[in-house]
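Scroll down for the structure; my scribbles are underneath it.
Where a number appears in this text, it was derived from the coordinates with a stated rule and is not lab data. Bear in mind that the values here come from a model prediction, so they are computed numbers and not experimental data. As a convention, Cβ positions derive from the backbone with ideal geometry for all residues, glycine included, and neighbour counts pool all protein chains shown.
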Amino acid sequence: MTDTDLVQNIPLTGIAEKVGARLNRRHAAERRFRAYGIASVGMAVVFLAVLLTSIIGKGYSAFYQHEVQISVALDPAVIDPDGKRDHHALAVADYRALVRTAMVSMFPEVADNRHERRELMDLVSEGAEELVRDKVLANPALIGTTQTLWVPVTANVDQLLKGHMSRDLSRGGQFSERQLGWIDSLTAHGLLKSHFNTWLWTQGDSRQPELAGLLGAIVGSFYSLVVTLLLSFPLGVATAIYLEEFAPQNRWTDLIEVNINNLAAVPSIVFGLLGLEMFLNVFHLPRSAPLVGGLALTLVSLPTIIIAARVALKAVPPWIREAALGLGASRWQMVVHHVLPLAMPGILTGTIIGMARAVGETAPLLMIGMVAFIVDVPASPLDPATALPVQVYLWAASPERAFVERTSAAIIVLLLFLGVMNAGAIYLRKKFERRW
Amino acid sequence: MQVLVLLLVLLILSIVGFRLGRGRAVRVAGPKPGTLHSLPDYYGYYVALWCGLPALALIALWLSLDTTLLQILVERALPAQTQALPASQLALVMNEVRNLARSGIFSQASSPAIAKAAIQFSNLQAISFASMAVLALSLGVAGGLLGLRIIHPKLRARNQVETVVKLFLIASSTMAIFTTIGIVLSLLFESLRFFSMIPITNFLFGLDWSPQMAMRADQVGSSGAFGAVPLFTGTLLISIIAMLVATPIGLMSAIYMAEYAHPKFRAVAKPLLEVLAGIPTVVYGFFAVLTVAPFLRELGAVLHIDIASESALATGVVMGIMIIPFISSLSDDVLTAVPDSLRQGAYGLGATRSETIKQVVMPAALPGIVGGLLLAVSRAIGETMIVVMAAGLSARLTANPFEAVTTVTVQIVTLLVGDQEFDSPKTLAAFALGLVLFVVTLALNVVALHVVRKYREKYD
């Protein structure tokens, strides 16, 4: 068979169609592939949107809370029967009785029925007593007067009024017809209103959802972060300077580099185990303290800071160094006077990102015991405390419906902090970024 | 707190030393400042270092020995019968003594002897701190005076200060190595104690995990069961689900961003993915419990599949979402590193864009992408908060994604949160699990980093 035969055997008609059809198939494959790409990016963005909306949707309502207005008669016979105005006696007086009297005065029909009185008291939070007590302790001269003040209602009433709970007992409601009647009448008279939730910002943790606040966790996070920053910034920058500017290329520096890269990828819970064994068992530092939390978080954030600082130092062009050395600067003078100031924005950006990572880190803190139920706001880095993400974890494990709302609110606060930190990092990068 | 004040005083002392040293250098040089070897500031730093360093060294040494020595002294003073207790119980007693001394509320002591010991402990602590403060401050002053005396124009102050600083830099850079050593030592030490109670083969190959049985020695089955295989399979199951979710989405978004996307689209989409990466894992955990798990359970009810509320599926999906940005950013870097000449060559031969990507760019980028995926697997295995909140505690040996499984990290947290007894296998098991976790992730990281590095060198 010759070449001419071969050519003649192929029917010429239809080749164009076949090529065209094949081309169409290839182009269709191209379009499909591209669509997969867009779909993937879209899915990631949708996940982000669902996550944020589900949390904001559940959490925004925790920033306001319903309060009831009561007129408390500060009866000297109840608060201070001895009349000595003794601080200790004032602190332990029966303020619940005063609140009860105030509540009953609004609904006189329950005065004789013990059961109904208890039902009425179920509406108002224990925080009411604390408010009255604090008011009396701050100014004992008020005893004998009648004070009008807004006090929080219990979390269940709050949830009912926010529409998170059914009024129907058979569908998970918690209130009897009588109680619903009281709530409605208070609302109708303008005595039961929603206000900005100050408790969330001024209190530590509490078993009562309506009194639980984030201040303790925020302060705990703050102390841990200060410790982390004070340790990881100098250590990280010093390491980066040494590796970039001074270290000879040998096995020793290779080993250090491999170690840093590995530490960056070690699960954070392992740092928690290290913290538990070293800081608590060997050095006997106090359990649950932000100091130890800060030490553990230093280990977590150090690799991030070192890597970012090295990148920033590397970005400073070599002729800056050569010029400084040429004019007679020592190596150290060259670094401190010229290279470091130019690399500083990059280093600070990396530090902020490392800190942001530390803020959201939870697992190492669980290991060193920062998960206890702690009511008091810590006064120093040695006091037992929790941290913001740990508070999220603790509240998420609480069964009450109202804690779901508060957990989401805590997450919103946490994300806001992270957002501010990252925005700061972006601002630094944009403002001081230099192209050589 | 007291130590902080002491350090502050020392800092002020050093600043005074700096001023004095600088002034003395200028005076020594007299009318000809050019005769000084270094700039005057360096003489100031020189004196400041003499003030600060010896005192700091003393404080560090003192603090590291202080607790141990005091403890020995207090232990000697305890009643003979308490001293005769086994080491672990004695440690508990000493723990109480320390806590009492820290809180200062001695009336809460469980016995008068302990209260006495606590008071003694806190007195000794006060004495020890006072003597340390006096010694450190006098050492600071003496050092400063010595430094001042040494100053003369020929002193090579700059070189000496720079040597000290360089030593500090070197010391800082060894932190990474010490951290690794610290991790290995602390995990290994407690794990070896664990393996002396539970044979290592039982731990690695046993199929039954129920550590809570080991709480009391007189209980039936007091040895507990420490077969970790169900934990390993559970971890693996969740990680596989996570990778099945994250790999296609992460990889395809990386391809789209690197090869197709308009710069403007990239400028919007990339930060959004980074936001996904910046969200703390505890938030993902809450999201899994609150939104994803109920959604999947209801979906299962519609499809007549029984999905547990703590199913491996829900946990794995959420973990996958967390890993998407990790994979996409690593793959993005790798894809953009592939030289453009390869693409141009393929286009020149008539390939479409997707053909170029599938047949030219991807094979070239494969090592780097595999490295990135390995890092992602290591991250999935070590992830803690999502699984602690969303996965269960039941150690089931199953491959069914609709059932609840538990993981290594969940068990570490469960075993260590709450009461810890460092003489019971229950607590020590957490360290053995931690060791396994560390070794596995370390191996994955070393291989992955090696592959990625090799790949980078190829195209640099």
Subject >> Relative counts (whole %) of C-alpha pair distances in chain A, using bins that are 20 Å wide >> reply: 19, 36, 26, 14, 4, 1, 0
Original post:
Per residue of B:442-449, how many C-beta atoms from partner chains lie within 10 Å of its own C-beta, taken as a mean?
Top reply: 3
Original post:
Under 17 Å from the Cα of residue B:116, which aspartates and glutamates turn up, not counting those fewer than eight places away in the same chain?
Top reply: B:75, B:96
**OP:** Enter the angle in degrees (range 0 to 90, nearest 10) between the Cα long axis of helix A:290-315 and the first principal axis of the Cα atoms of chain A, meaning the one along which they spread out most.
**Re:** 30
**OP:** First obtain the Kirkwood hydrodynamic radius of segment B:20-78 from its Cα pairs, then insert it into the Stokes-Einstein equation at 10 °C and 1.306 mPa s, and state the resulting D in µm² per second as a whole number.
**Re:** 110
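Would you please put A:280-291, A:418-429, A:352-363 in order of how densely packed they are, using the mean number of other Cβ atoms within 10 angstrom per residue and starting with the highest?
Averaged packing, sorted descending, gives the order A:352-363, A:280-291, A:418-429.
Give, rounded to the nearest 20 debye, the magnitude of the charge dipole that chain B has about its Cα centre when Lys and Arg contribute +1 at Cβ and Asp and Glu contribute -1 at Cβ.
So the magnitude is around 2240 debye.
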Subject >> Residue-by-residue Karplus 3J(HN,Hα) for segment A:42-55, coefficients 6.51, -1.76, 1.60, Hz, glycine and proline x >> reply: x, 4, 4, 5, 5, 4, 4, 5, 4, 4, 5, 5, 5, 7
Subject >> Amide proton proximity set for residue A:64, modelled H, under 5 Å, gap of 5+ >> reply: A:197
Original post:
Once amide H atoms are placed 1.01 Å from N in the peptide plane, what residues at a sequence separation of 5 or more from residue B:225, or on another chain, have their amide H within under 5 Å of its amide H?
Top reply: B:210, B:213
Subject >> Residue order, fewest to most surrounding Cβ atoms within 10 angstrom, among B:265, A:373 >> reply: A:373, B:265
Original post:
Which ³J(HN,Hα) values, rounded to whole Hz and listed in residue order, are derived for segment A:253-269 from phi using the Karplus coefficients 6.51, -1.76 and 1.60 in 6.51 cos²θ - 1.76 cosθ + 1.60 with θ = phi - 60°, glycine and proline given as x?
Top reply: 5, 4, 4, 4, 5, 4, 4, 4, 4, 5, 4, 4, 10, 6, x, 5, 5
Subject >> Area projected by the alpha carbon convex hull of the protein assembly as shown, averaged over all directions, nm² >> reply: 55.9
**OP:** Excluding residue B:306 itself, calculate the net charge of residues whose Cβ lies under 11 Å from the Cβ of residue B:306, where each Lys or Arg counts +1 and each Asp or Glu counts -1.
**Re:** 0
**OP:** Mind checking A:372-384 for the average number of partner chain beta-carbons within 10 Å of each residue's beta-carbon?
**Re:** 1
**OP:** May I ask you to sort A:195, B:262 by Cβ crowding, counting other Cβ atoms within 10 Å and putting the fewest first?
**Re:** B:262, A:195
Original post:
Roughly what angle does helix A:340-360 make with the longest principal axis of chain A, taking Cα atoms, 0 to 90 degrees, to the nearest 10?
Top reply: 50
**OP:** Taking H placed 1.01 Å from N in the peptide plane, check which residues at least 5 places from residue A:124 or on another chain put their amide H under 5 Å from its amide H.
**Re:** A:154
Original post:
Hey, what do the phi angles of segment B:204-211 turn into as Karplus ³J(HN,Hα) couplings, whole Hz, using 6.51/-1.76/1.60 and θ = phi - 60°, x for Gly and Pro?
Top reply: 7, 10, x, 9, 10, 10, 8, x
**OP:** Find, to one decimal place in angstroms, the Kirkwood hydrodynamic radius of segment A:215-432, where the mean of 1/r is taken over every pair of different Cα atoms and then inverted.
**Re:** 18.7
**OP:** Please go through the residue pairs A:431/B:270; A:314/B:270; A:58/B:426 and name each one whose alpha carbons sit more than 30 Å apart in this structure.
**Re:** A:58/B:426
Original post:
Any idea what Rg and Dmax come out to for segment B:2-163 if you just take the C-alpha atoms, in Å?
Top reply: 23.1, 76
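From the cross-link list B:264/B:358; A:84/A:135; B:166/B:454, which pairs have alpha carbons spaced over 20 Å apart?
Going by Cα-Cα distance, B:264/B:358; B:166/B:454 fall outside the 20 Å limit.
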Original post:
Considering only the other residues whose Cβ falls under 15 Å of the Cβ of residue B:128, what net charge follows from Lys and Arg at +1 and Asp and Glu at -1?
Top reply: +1
Original post:
Going by how many other Cβ atoms sit within 10 Å of their own, how do A:94, A:80 line up, fewest first?
Top reply: A:94, A:80
